[in-house]
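Asks: Can you read through this structure? Questions will come right after.
All of the numbers you see were taken from the coordinates with simple rules; none came from a lab. Note that the structure is predicted; figures quoted are calculated from it, not measured. Note that each Cβ is placed from the backbone with ideal geometry, even for glycine, and that neighbours are counted across all protein chains shown.
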């Protein structure tokens, strides 16, 4: 479904992404992990069409993409952002935010679709005409997910969708994303610095460091420790060390 | 140095009457590391800031006691509080981009903190700033001292913040979600640094976070807060055997690299946890 | 849902609105409640509304005809017959003040209606487009900004026929640049926000993004700026009138009224002073109103 070949992104004189390649089959979920500055978010933004200064190949469903994408592309590929507090227009109600993609693409039946979208992300109907500042972080992120799904895309790009959420809300949102993927046969590319979250949702993982993809492996291999690159080993070790609450040291 | 808080209550006025954000919290802290864990809205930040009386103007604070080293914080006047804030107790916040002055270099700010509380010469303060930057494990302290906050990465900015707070050699450090904006690797480095500095200087530490396992690694004791109350208090090593269903819920809903879960457990909030 | 026959407080403040209109009205109402708590701002609002209403009702409220001269009663003192006295040709000052308000305030409103939308469009387009378009628009803005307001207005009016319409156009030409800059500054901040990225990802055209998503966010600060600028505009219009370049006699206008009678400041002091007080009150009222609006629309408290 998605094929990336030798993607390079440059910001001025600095090369933020230095020749990254990977493939994501349809209906699969691919995780991009790395530290801040590794270039993972930059890859996602280049894929989404937000960033136009890239070179290399991006092929979606057999069609090579140009830096400037057409409306049809945006119907098929959508993105969910990290910060729930910045991804909704502060002066627009939830209803307006969800209607916008339908209006732009000329999709009818707005009222029904909006109500259905709210139900699909388990948001009560009474939130429909609220403003973002009247919603919690978790609710805002659900709205963002609903908005991304309004035009019925096939690919969802997720930029650290749960990093800014409380852990209990994170669990709900991750479950929701898993459910939605199954129900709609979506293809996911998720960026995160949290290995446990990525391994939970994604079956294939790409590890990035300083703009390069240093390892491509399956989530199972990551869990089991069947790793080749030292950076991946370090990330895994840290994640395991910190995830278990420290056991009482014997006296 | 002992911090004693008994029956702390903080409320905010609202059109429907005062709403309580902190409802009867009590704890004591000596020369140890205390973690306060809770979700957004649990009141953990407010609780810690009340020790330094750094609450929003409209907050209504009441308590049986809030004591810092024997000083009654509730009754102290501004001069007495200023003698505590910064000099005897420091506060590190989440995003160094917002807590560092954008028009002064890192070195200037640390030197100012040193100078304000120790009254030395400009040159001594400047040298002390470079020394402090080295202590927070910045590799090229002289160069970083001349950099502005926007030129520093998140981790470096936080280290500069720590250096600034440690300049007056305080007895207590309050870290309010110091690493929430940083990635996992830098998070661990910063917390190890804080843990190390606090131990070496014999300081007390209050670490506020929403990440329970993380806090348990860097603190001696942990308080779990929910809706303004403390629902569990445990030694860090005993958290795995936590008793309160909310704490268990916090631990169970986390995805794990080692134990894959097909579906993450979702917290079922019992209204009984809200207490009376 | 039954139509909102009952615009009750409860309906407005509900946390589960059932339509966009209800949500929008609710937001306005909450803003109004917040505004109401500021006594100075309320005083400004009341004073401004009072002046506008009274000026609009000038034909109804004035005891005399504004051009009715009575040369036997020049510079008449304050009396029961003439509440504010009479001017240099015996016209009732109260009447002149009321009709003059129509002219002065009318000019100001006309200027604002011209200036704010133009500034908004230029600023948002420049801010969003960036690059060459931004540079060109901003250089044009700079050219107009470089002229001192009164001097350019004077030159313009002198080139055309002195009169109200010339004065309005002249002042408008110099008043629009700050709004363009303000809108551009806001746009530069907003356009990097995630919610704008999200709209771009719907494939919306740049026009739609600017007009329907960015411009509405700039409106608040523009409104505040407009009310704060009103006092300056009133003074500029009055200044032009004072210099004989605005409203021409016998048309009443607060600035002209001061100009033509300023020699009497020591003898019949009320004749030049009272229009001056009117200008002062109007300026102050709009200033207080603007401050109050800014606190509600653009709060930056800690």
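Asks: Counting only DSSP beta bridges with both residues in the protein assembly as shown, tell me the antiparallel percent, nearest 5.
Replies: 55
Asks: I would also like to ask the following. Which whole number gives the average, over all residues in A:193-201, of C-beta atoms from other chains lying within 10 Å of the residue C-beta?
Replies: Taking all residues of A:193-201 together, the mean is 5.
Asks: A further question on this structure: Modelled label-to-label distance, residue C:291 and residue B:201, 7 Å Cα→beta-carbon offset: nm?
Replies: 4.3
Asks: Could you pull out which residues in the stretch A:1-19 have an amide N less than 11 Å from a spot 7 Å beyond the Cα of residue B:143, following the Cα-Cβ vector?
Replies: The answer is none.
Asks: For chain B, set up a GNM with springs between Cα atoms under 10 Å and report which of B:27, B:218, B:98 has the largest fluctuation.
Replies: Of B:27, B:218, B:98, the most mobile in the Gaussian network model is B:98.
Asks: Take residue C:81 and residue C:248, extend 7 Å from each Cα along the Cα→Cβ direction, and tell me the distance between the two endpoints in nm.
Replies: The two pseudo-label positions are separated by 3.3 nm.
Asks: Based on alpha-carbon centroids, what's the gap between the stretch A:199-238 and the stretch C:65-87 in Å, whole number please?
Replies: 92
Asks: Rank the residues B:60, C:182 as a footprinting-exposure proxy: fewest other Cβ atoms within 10 Å of their Cβ go first.
Replies: Exposure proxy ranking, most exposed first: B:60, C:182.
Asks: So for the stretch A:2-243: antiparallel DSSP bridges make up what percent, rounded to the nearest 5?
Replies: Beta bridges within the stretch A:2-243, antiparallel portion: roughly 55 percent.
Asks: Please find the FRET efficiency linking residue A:103 to residue C:165, where r is the Cβ-Cβ separation and R0 is fixed at 35 Å, and quote it to the nearest 0.05.
Replies: E(calc), rounded to 0.05, equals 0.30.
Asks: Continuing with this model, one more query. Is the C-alpha gyration tensor of chain B telling us rounded, prolate or oblate? Criteria: a/c under 1.5 is rounded; beyond that, a/b larger than b/c is prolate, otherwise oblate.
Replies: Cα axes put chain B in the oblate bin.
Asks: Which of A:214, A:167 comes first, and how do the rest follow, when ranked by fewest Cβ neighbours within 10 Å?
Replies: A:214, A:167
Asks: Give the angle, between 0 and 90 degrees and rounded to the nearest 10, that separates the Cα long axis of helix C:149-159 from the longest principal axis of the Cα atoms of chain C.
Replies: 60
Asks: Give the angle, between 0 and 90 degrees and rounded to the nearest 10, that separates the Cα long axis of helix B:106-118 from the longest principal axis of the Cα atoms of chain B.
Replies: Tilt relative to chain B: about 90 degrees.
Asks: While we're looking at this one, here's another question. Ranking B:44, A:233, B:123 by Cβ neighbours within 10 Å, fewest first, what do you get?
Replies: Ascending number of Cβ neighbours within 10 Å: B:123, A:233, B:44.
Asks: Where both partners of a DSSP beta bridge lie in chain B, what percent of those bridges are antiparallel, to the nearest 5?
Replies: 55
Asks: Also, I was wondering about something else. For A:91-101, what's the mean count of beta carbons from other chains sitting within 10 Å of each residue's beta carbon?
Replies: If you average over the peptide's residues, the count of other-chain Cβ atoms is 4.
Asks: Report the residue, chosen from C:87, C:65, C:267, that carries the largest GNM mean-square fluctuation when chain C is represented by alpha-carbon nodes joined by springs under 10 Å.
Replies: Among C:87, C:65, C:267, the largest mean-square fluctuation in the Gaussian network model of chain C belongs to C:267.
Asks: In nm, to one decimal, how far is the modelled label at residue B:180 from the one at residue B:150, with both set 7 Å along Cα→Cβ?
Replies: Result for the modelled spin labels: 2.5 nm.
Asks: Continuing with the same structure: Just A:158, A:118, A:103 to compare: in a GNM of chain A, with alpha carbon springs under 10 Å, which one fluctuates most?
Replies: A:103
Asks: Continuing with this model, one more query. Which value at 222 nm does the protein assembly as shown reach when only helices count, each DSSP H run of 4 or more adding -39,500 (n - 2.57), with the total divided by all residues and rounded to the nearest 500 deg cm²/dmol?
Replies: So the calculated ellipticity at 222 nm is -15000 deg cm²/dmol.
Asks: Between 0 and 90 degrees, rounded to the nearest ten: what's the tilt of helix C:20-36 against the longest Cα principal axis of chain C?
Replies: Around 50 degrees separate the two axes.
Asks: In addition: Decide, for chain A, between rounded, prolate and oblate: order the square roots of the alpha carbon gyration tensor eigenvalues as a ≥ b ≥ c, take rounded if a/c falls under 1.5, and otherwise choose prolate if a/b is larger than b/c, else oblate.
Replies: oblate
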